[in-house]
Every structure is written in C-alpha cells, then in structure tokens.
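Engineer: Below are the structure tokens for one structure; questions will follow.
The values are calculated or read from the model by the stated rules, or taken from the named source; none is laboratory data. Every value quoted in this text rests on a predicted model; they were computed, and no experiment measured them. Ideal geometry is used to build each Cβ from the backbone, glycine not excepted, and the neighbour counts take in all protein chains shown.
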Amino acid sequence: MFKKSRRKIVAAIMSVLVLLWTGTLAVIFLASYLEIAERNRGMLQEHAVRYGLSQPFNIPPPARPDPILEKPRYLDMPSFQLSTFYTVAMSHEGEILAVENPQPALHSDEELEALARQLAAGGRTTGVERDLIYYAADKGGYTLFAFKDNTIVNESMNTLFRYTLLFGGLALVLLFFVAVHLARRIVRPLEESAQKQKRFISDAGHELKTPLSVISASAEILARETGQNQWLANIQYENERMGALVAQLLELSRVEGAAPAAGEADLSRLVRGEALAFESVAFESGRALSWDIEENITVKGSPAQLSQLASILLDNAVCHGDREAGVRLVLKAEHGHAVLSVVNGGPEIPQEKRALLFERFYRLDSARNGDSGHYGLGLSIAKAIVQSHGGKISVRCAQGQVEFKVQLPI
C-alpha cells in the first residue's frame, strides 16, 4: 500500500514538474519565434519600401511615400545592416525586371526567379518558403519580392531547443530522484504509524489469548462442579466471541505482515474445494450456490491464504446476500490474470461506502454485536491477501446484484 502511495506521490510531483517545464519551454520558444519572425518581416518590409529600380525602366515612384521612410525602425540596427537581402522585381505582366542576388552561391538567380513566379501565382504576400522568409510589395508599376535567408535563425533555434531538451531532461532526472526522496519522507510517518498499529494488534491479540484460555478452562471446570447455569453460559458465549475476534485480529496481522509463499498454487482446485464446503452452508441458509470454475488456473502464492480468500468471499455472499437471488461464483483466466468473481443479490451499496468495505471493523449495518461471528475483518483480510499476491480487489453494484471481483496475476 505504501509503495503504491509513494509511486503516486512521485508521479504527481513529476507530472507537475513536466507540465511546468513543458509549458515554460513552449512559452519561451513561441515568444522568441514570434519576436524573431516579426522582426524579420519588419526588416524585409523596410528593405522593400526603400528599394527602387534604376532609371532605364522609366517606372514612376509611388504617389504617396510610405510612412516607413519617415520613421524607420530597423535601419540603424546591426541585424539589419548585417542581413543579406535578395530581391526580384517583376512587372504586372510577369516579366522579370531585375534580380539582386548578393550570395549566388547559396541561391541562384533562376531559383529566386522561380520562387517569385510561384509566389505571384499563389497571391501570397508574406511567409516562409525554402528557408527564405519573403515579403511581396506593390511598388506601383511592378511587384517587388524581397527575401531574407532564415537558415541561421532556424539553426540557432534548433540548437537552443536541443540543448534545452538535453539539460532539461537531465534536470528532470535529478528532480525524479529528489521526488523519490521526498515521497519516502512524506510516507515514512504514515508507514511507521501503520507498523505500530499492526504491532499493537498482534501484541494485544497474543496477550489476550492467555486470559481467554484461562476463562474458558475455568468456566468448564465450574460447569462440571456446579452444573450449567445461565451465568456460566453467558461467560462461555462471550468468551467464544472474544476468542473468534482475537483469532481474526491475529490472522489479519499475520497476513499483512508476511509475504506469501513463492510456490505455485492450483487456484481452480482451491476455489472448487471452498465452493463444495459452502454448498451445504448456503443450502441451510436457504440460498442457492452455483459456480463456473475454469480448470488448470495456477498462480504464485500461498494455497492456505488463497483458500481463505475464497472462503471469505463466499461467506460474505452467503451471509449478506438475498435468499431469492442466490450466490454465483466464477473463476476464469482473462488477459494474463485469474479473475475470481462472487456475485450475490442485494441492495446497491452507496459509492462512498464501497471503499470502506475493506477497512477494519467496518460494517454496512449498524449492528455491532457480532452474533453472526462477523466483526468487519473478513474483507480486510481478503484485501490484505490479494495485495500480498500482487492483485486487485473491487466491488461493483448493478441491477440489484453485488459483485466482489479479484484479479491475480497468473
């Protein structure tokens, strides 16, 4: 139980850290990318506005000067002055008027012309194509396509992303060990408290066995010497009840404190044996017991504890189920697990009370006198047996039936 709690704490801590790390990384890269993209578009736009064809083409300047010429934003920035711009001037009829290519080794004139024609056909004015960020501007008598190589920016962002992932991953690994340490410290007081509780139950049970044995022997001697009477009968009855309770407490302590045997157990044979034993008990209580047990299902564990598990579930169903509905037991192999299901008729158990069924001394009814020999420890013992064998136990209610389901790894 505490291992599961530690795993949940570690998972919760790591989930929060991963979400924070991923969210922070996404925000940083998104903000950086948007800022760089906006700056590149601004520099391209400013370059395109300041561009003008030479006189032989006899193209008049725009009637209204662009406001960027009056208030430049990037002209004096080192990044603008160090940037390499490519331009293709194209007439509205599709004729290439001029090409400026300061780095022909990287991008040929033919490549720039083909890209300009492609953009003109698509009608796009800004974006990224082939590691080139582009901007198309109408210059009055022609269209100017301005390009700026985005390779260095992309490589820088990719390098930053790789190193961030690398060092962030290493940091998460270190934080994982920190989370494991914190989980152990958080759970340790609860684990110590549970161990003390188990030790107390075990010690108290052993201490109570001796006086109970003395009371039982003394009551029998008195009955032989003075004869049976009402007061001795009460003493013997209550002593038997107390002895049964102490036995269940010791059994719970033993099951929770010890690991099951490592050998294999024929679960099919064990469950069938308990079903046969309870057939007469169910008949006497006016209930019909039926079963469907698949053959040759074996699991690793203690045969004695697994028999006790089946006995507890059958006893619970026979004692608390409706007589009209009967009791149905099913054992089958499913997806690598042995699935033991015990179904009895009965009213639906409220959702908030289902988990409490496996707590010590918890009973749905208000009666606590234990006249039936049940003290609310049976299902606690069953849960301890299932957990010690690496399985799961659950309860489900539907259509007037209550099902206790156990899954054990085959």
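Engineer: Report the residue count in the range 140-182 for those that are farther than 19 Å from TRP21 by Cα, touching a Leu at 6+ places or on another chain (Cβ under 8 Å) and not in a strand (DSSP E or B).
Structural biologist: 1
Engineer: May I ask you to verify whether VAL27 is part of a strand (DSSP E or B) and either at pLDDT 80 or above or more than 19 Å from TYR135 (Cβ to Cβ) (or both)?
Structural biologist: no
Engineer: Same structure again: Of the conditions (1) within 30 Å of PHE2 (Cβ to Cβ); (2) without any contact (Cβ under 8 Å) to a residue 24 or more places away in the chain; (3) surrounded by fewer than 13 Cβ atoms within 10 Å (Cβ to Cβ), PHE167 satisfies every one except a single condition; which number is it?
Structural biologist: (1)
Engineer: Another question, if that's okay. For the range 259-266, indicate whether the set of residues that are aliphatic (A, V, I, L, M), more than 30 Å from ALA288 (Cα to Cα) and at pLDDT 70 or above is non-empty.
Structural biologist: No, the range 259-266 contains no residue that is aliphatic (A, V, I, L, M), more than 30 Å from ALA288 (Cα to Cα) and at pLDDT 70 or above.
Engineer: Among the listed residues SER216, SER290, SER307, which satisfies the condition of being more than 41 Å from the chain's Cα centre (by Cα) and free of Cβ contacts under 8 Å to residues at least 60 places away in the same chain?
Structural biologist: Result of the check over SER216, SER290, SER307: SER216.
Engineer: Any idea which residue in the range 183-201 is nearest to LEU19 (Cα to Cα), counting only those that are surrounded by 12 or more Cβ atoms within 10 Å (Cβ to Cβ) and small (Gly, Ala, Ser)?
Structural biologist: Among those residues, the one meeting the criterion is ALA183.
Engineer: Let me ask something additional. Buried (at least 17 other Cβ atoms within 10 Å of the Cβ) and under 21 Å from GLU294 (Cβ atoms), is that true of VAL327?
Structural biologist: yes
Engineer: Another one. Pick out, from the range 260-301, the strands (runs of 3 or more DSSP E) lying fully within it that include 3 or more residues that are polar (S, T, N, Q), within 15 Å of GLY390 (Cα to Cα) and in the same structural domain as SER388 (by TED's automatic domain parsing).
Structural biologist: Once the strands (runs of 3 or more DSSP E) in the range 260-301 are filtered for at least 3 residues that are polar (S, T, N, Q), within 15 Å of GLY390 (Cα to Cα) and in the same structural domain as SER388 (by TED's automatic domain parsing), nothing remains.
Engineer: Could you pull out the residue among LEU25, LEU17 that is farther than 30 Å from GLU100 by Cβ, of a type outside the set (Val, Ile, Thr), surrounded by 14 or more Cβ atoms within 10 Å (Cβ to Cβ) and touching a Ser or Thr at 6+ places or on another chain (Cβ under 8 Å)?
Structural biologist: The match here is LEU25.
Engineer: Continuing with the same structure: Looking at this structure, is ALA219 within 25 Å of LEU250 (Cα to Cα), modelled with pLDDT of 80 or more and either of a type in the set (S, T, N, Q) or in contact with a helix residue (DSSP H, G or I) (Cβ under 8 Å, 6 or more places away or on another chain) (or both)?
Structural biologist: Spelling it out, ALA219 is indeed within 25 Å of LEU250 (Cα to Cα), modelled with pLDDT of 80 or more and either of a type in the set (S, T, N, Q) or in contact with a helix residue (DSSP H, G or I) (Cβ under 8 Å, 6 or more places away or on another chain) (or both).
Here's the yes/no breakdown for (1) within 30 Å of ASN234 (Cα to Cα); (2) not assigned by TED's automatic domain parsing to the domain that holds GLU238; (3) not small (Gly, Ala, Ser):
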site	(1), (2), (3)
GLU110	no, yes, yes
THR164	no, no, yes
PHE177	no, no, yes
HIS181	no, no, yes
SER213	yes, no, no
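Engineer: Shifting gears a bit: I'm told VAL246 meets every condition in (1) at pLDDT 80 or above; (2) assigned to a helix (DSSP H, G or I) except one. Can you identify the failing condition by its number?
Structural biologist: Among (1) at pLDDT 80 or above; (2) assigned to a helix (DSSP H, G or I), VAL246 violates only (1).
Engineer: Related question: Can you pull out every residue in the range 108-159 that is loosely packed, with under 12 Cβ neighbours inside 10 Å and touching an Asp or Glu at 6+ places or on another chain (Cβ under 9 Å)?
Structural biologist: Selection gives THR151 alone.
Engineer: Still on this structure: Would you mind telling me which numbered condition in (1) assigned to a strand (DSSP E or B); (2) among the hydrophobic types (A, V, I, L, M, F, W, C); (3) over 17 Å from LEU408 (Cβ atoms); (4) out of contact with any Asp or Glu (no Cβ under 7 Å at 6 or more places or on another chain) ALA355 fails?
Structural biologist: Among (1) assigned to a strand (DSSP E or B); (2) among the hydrophobic types (A, V, I, L, M, F, W, C); (3) over 17 Å from LEU408 (Cβ atoms); (4) out of contact with any Asp or Glu (no Cβ under 7 Å at 6 or more places or on another chain), ALA355 violates only (1).
Engineer: Residues ARG224, ARG184: which one is in contact (Cβ under 8 Å) with a residue 60 or more places away in the chain and not hydrophobic (A, V, I, L, M, F, W, C)?
Structural biologist: ARG184
Engineer: With the condition kept exactly as written, say whether any residue in the range 328-344 is more than 33 Å from the chain's Cα centre (by Cα), modelled with pLDDT under 90 and on the phi > 0 side of the Ramachandran plot.
Structural biologist: No.
Engineer: Could you tell me whether LEU331 is closer than 24 Å to LYS392 by Cβ and not charged (D, E, K, R)?
Structural biologist: So LEU331 passes the test.
Engineer: Please work out if LEU17 is in a helix (DSSP H, G or I), touching a Phe, Trp or Tyr at 6+ places or on another chain (Cβ under 9 Å) and aliphatic (A, V, I, L, M).
Structural biologist: Yes, satisfied.
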